[in-house]
1. Looking at this structure, is residue 79 modelled with pLDDT under 95, open to solvent by 10 Å² or more (accessible area, probe 1.4 Å) and more than 19 Å from residue 36 (Cα to Cα)?
2. Considering each residue of the stretch 146-179, count those that are among the charged types (D, E, K, R) and crowded, with 17+ Cβ neighbours inside 10 Å, and give that number.
3. Please indicate, with yes or no, whether at least one residue in the stretch 160-180 is of a type in the set (S, T, N, Q), over 14 Å from the mean Cα position of the chain (by Cα) and more than 22 Å from residue 62 (Cα to Cα).
4. Scan the stretch 1-33 residue by residue and report those that are assigned to a helix (DSSP H, G or I) and open to solvent by 50 Å² or more (accessible area, probe 1.4 Å).
5. Checking residue 104 against (1) touching a residue at least 24 places away in the same chain (Cβ under 8 Å); (2) open to solvent by 10 Å² or more (accessible area, probe 1.4 Å), only one condition comes out false. Which one?
6. Going by what's in this entry, would residue 35 be described as in contact with a Phe, Trp or Tyr (Cβ under 6 Å, 6 or more places away or on another chain) and under 19 Å from residue 163 (Cα atoms)?
7. How do the pairs read when you match residues in the stretch 190-201 that are assigned to a strand (DSSP E or B) with residues anywhere that are surrounded by 17 or more Cβ atoms within 10 Å (Cβ to Cβ) and among the small types (Gly, Ala, Ser), using Cβ under 8 Å and keeping only pairs 6 or more apart or on different chains?
8. Out of the residues in the stretch 34-76 that are polar (S, T, N, Q) and open to solvent by less than 10 Å² (accessible area, probe 1.4 Å), state the one that is nearest to residue 101 (Cα to Cα).
Amino acid sequence: MSGSAPAGASWVASAPARLDDATAFVLRTLGRTDYERCWRAMQAWTDARSADTPDELWITEHPPVYTLGLAGRREHLLREGAIATLKVDRGGQVTYHGPGQLVVYVLVDLHRAKLGVRDLVRRLEGGVVQWLDSLGISARGKPEAPGVYVTRDGVEAKIAALGLKVRNGRTYHGVALNLRMDLGPYADIDPCGYPGLAVTQVADFVAAPAVDEAGVSFAPILAAAIRGADRPVASAPPPNARRPTR
């Protein structure tokens, strides 16, 4: 993709962004965004990218919304109320997004990165685990149930959800990491399609950073994990240090 951004993603181009030299990822901070607007921008951006378009991570959070994946069954939405439900094109079942949840969208050219989808999922989980470890939270991925899990009061609970879409060898959607949010809406769904699955957040363990602050340290770690390298938390520079050119 060269020149101006595609029409459906033109607003994204004005968001603060910088090139992470160590990984060649563009890290873009969008602030709080409407879910559907951001989703449509990811689609447009992915359709418009070329073989030499840099991979990007989009850092955001959303107002309250339930999303149902391609194979998602509405039976996992236990009660319908004031929170809207969107049928979207990622994998997986139903999940919740809301304020206080860090969402990082992963726009990667799998062919250029020489990665399969399963490899990418494992690396995304590894990046989340590494960042949580920096806060003193022990976490793990589960190959049979993608996402990141912790143990709280002797019970396994999900702290981060993953969902991807691959179009022409390029990914979008990504990772949702619970920081400090109202977990009540999870009671109205089977999280990720698992009845009775416990859900937790960073604030249940330590003082949780705000979404933008967490994004500054988490995004470079996630980028390094995708590239197959480790990145210390302390090496993350400010998100608006400079803008990439297209």
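1. Yes; evaluated as a whole, the condition is true for this residue.
2. Final tally of qualifying residues: 3.
3. For the stretch 160-180, residues of a type in the set (S, T, N, Q), over 14 Å from the mean Cα position of the chain (by Cα) and more than 22 Å from residue 62 (Cα to Cα): present.
4. Listed by number, the residues that qualify are 7, 14.
5. Here residue 104 clears every test but (2).
6. Answer is no for this residue.
7. From the stretch 190-201, the pairs are 198/157; 199/157.
8. Among those that are polar (S, T, N, Q) and open to solvent by less than 10 Å² (accessible area, probe 1.4 Å), it is 60.
The values are calculated or read from the model by the stated rules, or taken from the named source; none is laboratory data. Predicted model only: the values in this text are computed from it and were never measured. Glycine gets a Cβ as well: all are built from the backbone with ideal geometry, and neighbour counts include every protein chain shown. Please note that ligands, DNA and RNA were not included when accessible areas were found on the heavy atoms of the full protein model with its side chains. Shrake-Rupley method; radii C 1.70, N 1.55, O 1.52, S 1.80 Å.
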